[in-house]
1. Restricting to region 409-423, name every residue that is open to solvent by less than 60 Å² (accessible area, probe 1.4 Å) and at pLDDT 90 or above.
2. Counting only residues that are surrounded by fewer than 23 Cβ atoms within 10 Å (Cβ to Cβ), outside any helix (DSSP H, G or I) and out of contact with any His (no Cβ under 8 Å at 6 or more places or on another chain), how many does region 89-117 have?
3. Among the residues in region 162-182, are any in a loop (DSSP other than H, G, I, E, B), touching a residue at least 40 places away in the same chain (Cβ under 8 Å), among the hydroxyl-bearing types (S, T, Y) and surrounded by fewer than 22 Cβ atoms within 10 Å (Cβ to Cβ)?
4. Which of the residues that make up region 185-210 are under 21 Å from A99 (Cα atoms) and open to solvent by less than 10 Å² (accessible area, probe 1.4 Å)?
5. In region 211-235, which residue that is of a type in the set (G, A, S) and within 19 Å of A247 (Cα to Cα) is surrounded by the fewest Cβ atoms within 10 Å (Cβ to Cβ)?
6. Find the residue count for region 606-638, including only residues that are outside any loop (DSSP other than H, G, I, E, B), closer than 26 Å to L536 by Cβ, out of contact with any Pro (no Cβ under 8 Å at 6 or more places or on another chain) and not small (G, A, S).
7. Those residues that are open to solvent by 10 Å² or more (accessible area, probe 1.4 Å) and either assigned to a strand (DSSP E or B) or basic (K, R) (or both), I need them from region 545-574; list them, please.
8. Take E475 and decide whether it is open to solvent by 10 Å² or more (accessible area, probe 1.4 Å) and more than 30 Å from N50 (Cβ to Cβ).
Amino acid sequence: MYNLQQIAEITNATLSGNTIHKISYFLNDSRALQSPSDTLFIALKTNRNNGHNYVTDLIEKGVKSFLIQENEFDVSKYKNTDISFVISKDPLKAIQKLAAFHRKQFTIPVIGITGSNGKTVVKEWLYQLLKSNFSICRSPKSYNSQIGVPLSVLNLNHTHTLAIFEAGISLPNEMDALAEIINPTIGVFTSIGSAHDEGFESREQKVSEKLKLINACDKKIINGLHKEQLSASVLKNSFVVSEFEDADLKINFTNETLELKSATTNYSFKIPFSDKASVLNASTCAAVLLQLGFKEAEIAQRLATLQPVALRLEIKTGINNALIINDYYNSDIDSIKIALNYLLQQNRRQRKIVVVSDLEQSGVSANTLYKQLADLFSQNKIDLVVGIGKEISNYKPLFKSNSLFFTDTHSFINQFKLINYQFSEASILLKGARSFGFENISRVLQLKSHDTVFEINLNKLINNVNYYRTLVASEVKIMCMVKAMGYGSGGAEIAKTLQHIGVNYLAVAYADEGVELRQSQITLPIMVMSPEEDALEDIINYQLEPEIYSFKVLHAFVKKLDALGITEPYPVHLKIDTGMHRLGFEENDFEKLSVDLKNLPQIKVKSVFSHLVGSDSADLDGFTAQQITIFEKAFKLFETALGYSVLKHICNSGGITRFKQAHYNMVRLGIGMYGIGVNTAEQIKLENVGSLITRISQIKNVVKDQTVGYSRKGKLERDTKIATIPIGYADGFGRLLGNGKHGVYINGKFCKTVGNICMDMCMIDVTDCNCQEGDEVIIFENVEQINSLAKALDSISYEVLTNVSARVKRVYVQE
């Protein structure tokens, strides 16, 4: 595409090193590296992270080209090597400038999409509707940010005949750069809603800022706005589609039929969705096709075939200790690249398998397309490729010799018993077009369990961690608590995500939890908070770091180090009791401990820490101040005795928010990471990570005066419709919730329990609820529901989350 000399000239940057390195890939996430030799890594410095910290590691992995910020990385030691640096005052603006230049090299139609909701769905639906007519370049997933947009546009090449890019903003003036980069010929505004309201002075300002993307377009399709909200310049060349009377196309939806009424014509389309969001998104797509000149009959035919858009990946436990990653709603080269990135990040299993269907055509020859796919799998070191479909099977010589091919999904399932041994101990990515029915393959591969699942949204976990990152200084490290199965969410998967986003430390309660993480390829430092004497050898063998909270533990650990012949100082963490009176050295131990530390060369103190008793309670702020005073006395004394500085941490989630003066150089993030805030103001910033979901097993009509459940506790006062659901106290839905003391949520309605909670199931009164067997049942999916459940249990949110038993299947989703 471009060599480094060209990139430096286009972006007004300076170049250090080889000028002729040619760049085919642009990367800002060091963990998504695929082709080191022709990748340009863009080192961005933000308040959450600093990409320059990863440059050295990427050089070791074979990357030769970097876009860096002035004075952020010492390039002098690479002067006589083949490593090159494009040096800019602002790497983000540089890559945006390069993308804008690149966009100007193409005269094809470009659709630019913005709005509050529906951007990604409309983009993907337009791709589905138009791919038979055009070779389309589109934003991967929801790459709509200040860095996502330029990376998307840089994918444009000479084979494309249409481009579709989405743009999202959260602050004023952000759209200016994105509008210049995308430079759309056709503008689409999907909706206006509350998303990112907090970044703007008013809703009107947000609308005005978003419309900057499409102001200069030859054609504009605008949904969800009154014409009176639009300026004369925006109205020019605009086609407004909405539910409002002043729309150019007024939306009406009845009986699966989308009606669009203009001043002269009524259009009628059957669509395979009935929810309001889908109706609005489908109407936007129909309007775009009308503006592109498609006839009503052809639009109707295409809209009827619209498929749901998978905005998230699902991770499930598979048979034979496999890990299943479901992303089987489309199968094109761009989406496969994104999915492969995720597969490589989930390196809990050494073997990597991809099951892939025939590819959606992209305007290049089939031979070229499947050669690209085979090269992609080779670059990413995929151990086994399973191709499903007649077309991909025709190109099997392009793939590794051990690859397997089947003409259709049915053939694969029929022969699976003969080859299932090849799917053991592997991470398996399912990537197929919807028509191939890969959900059937998923059912074959996944570990069977009952209908109750604990769904963990990893995006929300990441967002919560990033929120707390904004509260601490850039040099303050973050230790994340993943004890008790990651507060019920699943320790290994949570740890994998935290490692992926670059937190500094993990903490577990017991050694076996740390051992499990190490066996799951977690390489981050891990602190063990309760290092039992029998587990000290495992702690050392698996390079875990023990909390030392007493002289007994200290000397027992040193004795074990000596017995194992460990000669290098071993990292430990000193726990100080400043008022919790649970574990830790007390104030009268400080002097003796200081002496002991001087005489124990076997250990190296990595951190000194304590635990705040009431960081979330203003009533206890006086006591918190006393704790901080004692803590400071301790670490100053120990650092003097040791002769070196250590990490210092006392703030838990509540402390991070309320005691910024006590952040020191590390904080510990626990319940806040999972979406539970210390107060209402903070709760608004957080997203609940875990949702406990089940389904109705059976519905019965039981007459008045009959009883339901054990001990005949559930006596009915009316004829009642009873639903049995497969969750009980063995799953974490406690007996205290029975006999109407709490309930569940079915189709938006709260339905109370009837009778005693059983071990494996319970009964629910659904007399006033419109439901049927198989319907989804929500135990909890937001913080309000978690807190309500905790109140009914006379407990706290921590217990609700950690009570979800290990037998409940965890399903991980990433959007």
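The values are calculated or read from the model by the stated rules, or taken from the named source; none is laboratory data. If you're wondering where the values come from, they're calculated on a predicted model, not measured in any experiment. Counting neighbours? That spans all protein chains shown, and the Cβs are built from the backbone with ideal geometry, glycine included. Note: accessible area is taken over every heavy atom of the protein model, side chains too, but ligands, DNA and RNA are not part of it. Shrake-Rupley method; radii C 1.70, N 1.55, O 1.52, S 1.80 Å.
1. In the first step, residues of region 409-423 are kept if they are open to solvent by less than 60 Å² (accessible area, probe 1.4 Å); the result is 409, 411-413, 416, 419-420, 422-423.
Passing the criteria: T409, S411, F412, I413, F416, I419, Q422, F423.
2. Let us first name the residues in region 89-117 that are surrounded by fewer than 23 Cβ atoms within 10 Å (Cβ to Cβ), namely 89-90, 92-93, 96-97, 100-110, 116-117.
If we keep only those that are outside any helix (DSSP H, G or I) too, we end up with 89-90, 104-110, 116-117.
Right, trim to out of contact with any His (no Cβ under 8 Å at 6 or more places or on another chain) and you get 89-90, 104-105, 107, 109-110, 117.
Counting residues in region 89-117 that are surrounded by fewer than 23 Cβ atoms within 10 Å (Cβ to Cβ), outside any helix (DSSP H, G or I) and out of contact with any His (no Cβ under 8 Å at 6 or more places or on another chain) gives 8.
3. The initial filter retains those residues of region 162-182 that are in a loop (DSSP other than H, G, I, E, B), namely 167-173.
Narrowing further to those that are touching a residue at least 40 places away in the same chain (Cβ under 8 Å): 167-169.
Going one step further and asking which of them are among the hydroxyl-bearing types (S, T, Y), we end up with none.
Checking region 162-182: not a single residue is in a loop (DSSP other than H, G, I, E, B), touching a residue at least 40 places away in the same chain (Cβ under 8 Å), among the hydroxyl-bearing types (S, T, Y) and surrounded by fewer than 22 Cβ atoms within 10 Å (Cβ to Cβ).
4. G187, V188, K210, listed by residue number.
5. At the first step, the residues of region 211-235 found to be of a type in the set (G, A, S) are 216, 224, 231-233.
This time we only want the ones that are within 19 Å of A247 (Cα to Cα), so: 224, 231-233.
Working: G224: 25, S231: 10, A232: 6, S233: 11.
The qualifying residue surrounded by the fewest Cβ atoms within 10 Å (Cβ to Cβ) is A232.
6. Of all residues in region 606-638, those outside any loop (DSSP other than H, G, I, E, B) come to 606-609, 618-638.
Now restrict to residues that are closer than 26 Å to L536 by Cβ: 606-609, 634-635, 638.
Next, from what is left, pick out any that are out of contact with any Pro (no Cβ under 8 Å at 6 or more places or on another chain): 607-609, 634-635, 638.
Restricting the remaining residues to those that are not small (G, A, S) gives 608-609, 635, 638.
Qualifying residue count, region 606-638: 4.
7. E545, K552, K559, K560, Y570, P571
8. Values: open to solvent by 10 Å² or more (accessible area, probe 1.4 Å): yes; more than 30 Å from N50 (Cβ to Cβ): no.
The answer is no for E475.
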